1. Consider Leu137 carefully, then state whether it is of a type in the set (A, V, I, L, M) and within 22 Å of the chain's Cα centre (by Cα).
2. Looking at segment 156-174 only, could you name the residues that are hydrophobic (A, V, I, L, M, F, W, C) and over 21 Å from the mean Cα position of the chain (by Cα)?
3. If you take the residues in segment 275-307 that are of a type in the set (S, T, N, Q) and either assigned to a loop (DSSP other than H, G, I, E, B) or within 18 Å of the chain's Cα centre (by Cα) (or both), which one is surrounded by the fewest Cβ atoms within 10 Å (Cβ to Cβ)?
4. Conditions first: (1) over 25 Å from Lys41 (Cα atoms); (2) without any contact (Cβ under 8 Å) to a residue 24 or more places away in the chain. Asp209 passes all but one, so which condition is the exception?
5. On the given criteria, is Ile130 surrounded by 18 or more Cβ atoms within 10 Å (Cβ to Cβ), outside any strand (DSSP E or B) and outside the structural domain of Thr211 (by TED's automatic domain parsing)?
6. Please determine whether any residue of segment 134-141 is in a loop (DSSP other than H, G, I, E, B), in contact with a Ser or Thr (Cβ under 7 Å, 6 or more places away or on another chain) and more than 20 Å from Lys254 (Cα to Cα).
Amino acid sequence: MKPTSPTDFWDSLAAFSNPVPHDVAGALTALGIEVLRELSKPDSTEYLARCPAHLALTGKQDRRPSFSVNGTTGLFHCFSCGYAGPFIQLVEDGLGYHRIEAFQWIARHGVYRTAEEEPPAGRPEETLRINEASLALFTPPPPRACARRSLTPEACRAFGVLWNPEKHRWILPIRHPETGELWGWQEKGKRFFRNYPAGIHKGATLFGDLTWRGETALLLESPLDAVRAHALGIPGAFASFGAHASEAQIRLLKARCKQLVLGLDNDTAGRTSRDRIHTRWRPRGLVMRFLDYSHTTAKDLGDMSDADALTAYGNAHHPWRRRR
Ligand SMILES: [Zn+2]
C-alpha cells in the first residue's frame, strides 16, 4: 500500500504498529470499561463488556454486553452498534487523546507486542508444540538481573523462573493449575511482554507454587512481584498476570487458603479490580485484606524497598478500616 497523503501515511503507520497493552483487561479497567466476562478461544481470549460508545451512537445504554475486545490483537467490536477499531482508537476516544498521546498511554502500560517483533503471517511459534523441552533454550536468571529486582536465585528456582540469554528477558512459565503441565510462558523485558503461544489463557491459572496450601495467600499482578514476595519470606504469593483477576483465579486461591491479601497495583485498574473482587467474593465466604500502600508512593510491591514491602504486607488491613 502506497501512502497518498500525510493522513494516509499516519493511518497506515498506526495500523502497522497497532500497539496492544500487555494487560488488555487491566487497560480496559483503567479506561473505565468493566470486563464482565472472558471467553477463551483456541488462539486468544475475548473480553466482554458493555459498549462504551453505545449511548452516543444509538441513544441507548448497552445492557447485553455487546462489546468484545480481543486480548491478542487488541481489536474491539460492538456487534450491536458497530463501533470497532484497534485498541489505540479506544484510548483516543475514551481519554480524548490524539494518536501520539494514546500511543504513549499504551506504552506506559507496557506494550504486549511491538511492530518489529510482530511475526509475519502464519505465526511460527504457534506451530511449535509446547512441552518441557521448549524451556531448554533458557537458563537460570543471572545474579545481576536477580539483584536488580531484589530477587534471590532460590526464589527464582522455587517459582521456575528462567531467562532468555539472547534477548535478556525473563521467562515466566504458565502451567496447568492442578497437573503442572506446561502451557507456555510469558516473556518479559523492559516494557516488553509477550505470551507464548499468543492466545494462552492465563486467566485459567495462576503464577506461583500451585501445590502450596496454607493460612494466608497473597495475590499480586506481576509474576516477578510474587517471586520478590517469596524472597522476602512471604508465603503463598501468587500472580494473576494483570489487574483483572478472573473468577477461575479467585476460585483457585480460595481453595488454597483461609484468607487472601489483595495486593493488586495501587493504580486505577488495580484498585477497581481489588474492590470488585472484594464485593463479589466477601459474600461467598472469602476473607480478604488489602495490601497497605499508605506509607509508600510505589505502585506495586516490586517497586518497594524490602522494609516497605514487609510493612505493606504486615499492615494489610480490612477494607472498612482505611479507604484510599
Ligand atoms: Zn455499541
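The values are calculated or read from the model by the stated rules, or taken from the named source; none is laboratory data. Worth saying up front: this structure is predicted, and the values here are computed from it rather than measured. Positions of Cβ are backbone-derived with ideal geometry, glycine not excepted, and every protein chain shown enters the neighbour counts.
1. no
2. Ala158
3. Thr297
4. Failed condition: (2).
5. On the way: surrounded by 18 or more Cβ atoms within 10 Å (Cβ to Cβ): yes; outside any strand (DSSP E or B): yes; outside the structural domain of Thr211 (by TED's automatic domain parsing): yes.
Criteria met by Ile130.
6. no
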